[in-house]
């Protein structure tokens with residue numbers, strides 16, 4: 001007897017591709033979740049790479065635009081605080097802007113990739129490893145906070161010298 005009568009039923013699902021047909025991808029949902037810690041720039045960059053692997057250049061370009069926008073905001077906010085130290089409202093708005101950026105990115109770009117991958121491949125697709133992107137993001141975050149700390153120290157020194 002070659003069949004197991006206790007085995008679960010098997011069915012062929014035509015709309016879900018097999019594992020051999022799918023490219024290596026980072027889990028788009030995990031990338032979005034890691035963006036809570038590392039900013040939308042992290043998730044947008046990984047989603048861009050996923051779209052490229054999926055052969056979707058227009059969607060990759062949109063994800064790249066989100067990554068550039070997020071990095072630009074991450075660079076601009078500390079510079080604005082240093083260049084315009086009297087504008088305390090910038091410090092308050094920076095947290096709100098970060099949350100708005102994250103929600104906007106996820107709603108317009110992040111969630112569509114999560115749905116696309118789930119509809120096309122289900123949960124069976126080859127996944128890329130997380131060690132390299134997470135180590136790079138951790139190093140970039142550490143460098144970012146060092147630079148922002150130096151800018152803050154400069155600002156404090158300029159304020160003390162002006163008194």
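Laboratory data are not the source of any read-out in this text; all were calculated from the coordinates shown. Bear in mind the structure is a predicted one, so any value in this text is a computation, not a measurement.
Out of 27, 50, 123, any idea which swings most in a Gaussian network model of the chain, alpha carbons joined below 10 Å? In this elastic network of the chain, the residue with the biggest mean-square fluctuation among 27, 50, 123 is 123. Labels on offer are (i) 91, 27, 25; (ii) 114, 45, 24; (iii) 92, 46, 24, and the one holding Cα extents along the principal axes in Å computed from this structure is (i).
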